[in-house]
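The structure appears right after this line, and notes come after that.
Derivation of every value follows stated rules applied to the coordinates shown; laboratory data play no part. A quick note: this is a predicted structure, and the numbers were derived from the prediction, not measured. Note that each Cβ is placed from the backbone with ideal geometry, even for glycine, and that neighbours are counted across all protein chains shown.
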Amino acid sequence: MILIYSTFKNKEEAVKIAEGLVSQKLAAGVDITPIISVYSMDGKIEKSEEVSAIIKTRKINFRKVEKFILENHSDKVPCIIGIPVRKVNKKCYRWVKETLKISEEKPQKAA
């Protein structure tokens, strides 16, 4: 199991991508939270309201999730970070494993 952390410009974009990931069984679930981001871009300090997402998936799906986000994200440099899970309760792990079926199909763009 792996968690993928990503940020999005707004809730609508995050929800659209989350729904695409879950419907294509690339993610078992996605948690979306409003945040304030402070970052450096093009030599300037920027501050913006964004949303973050924590995507629950299997390690084997990282590249497919990354590709889906890159194809559907509005930022020129999207944040996509894989965080290995060292410990997880059995019921949650079983839910992720049973929810996700490894698909050989190419992920589609979000609707």
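Among 20-26, 89-95, what's the highest-first ranking by average C-beta atoms within 10 angstrom per residue?
Packing proxy ranking, top to bottom: 20-26, 89-95.
Provide the convex hull volume over Cα atoms per residue for the chain, in Å³.
Once divided by residue count, the hull of the chain is 103 Å³.
Past 20 Å, Cα to Cα: identify those pairs from K56/K97; K11/K44; K25/K91; K25/K97; K11/K101, in the order given.
K11/K44; K11/K101
Between the alpha-carbon centers of region 59-90 and region 1-54, tell me the distance in whole angstrom.
10 Å
Excluding residues fewer than 8 places away in the same chain, name every one of the aspartates and glutamates whose C-alpha is closer than 16 Å to that of K59.
Answer for K59, where 16 Å is the Cα cut-off: E98, E104, listed by chain and number.
By how many degrees, 0 to 90 and rounded to 10, does the Cα axis of helix 62-72 deviate from the longest principal axis of the chain?
Helix 62-72 and the main axis of the chain meet at about 40 degrees.
Magnitude of the Cβ-charge dipole of the chain, K/R +1 and D/E -1, about the Cα centre, nearest 20 debye?
Dipole magnitude for the chain comes out near 740 debye.
Starting from 0.36 nm per residue, how many nanometres of slack lie between K59 and K87 once their C-alpha separation is accounted for?
Contour length minus the Cα-Cα distance gives 8.7 nm.
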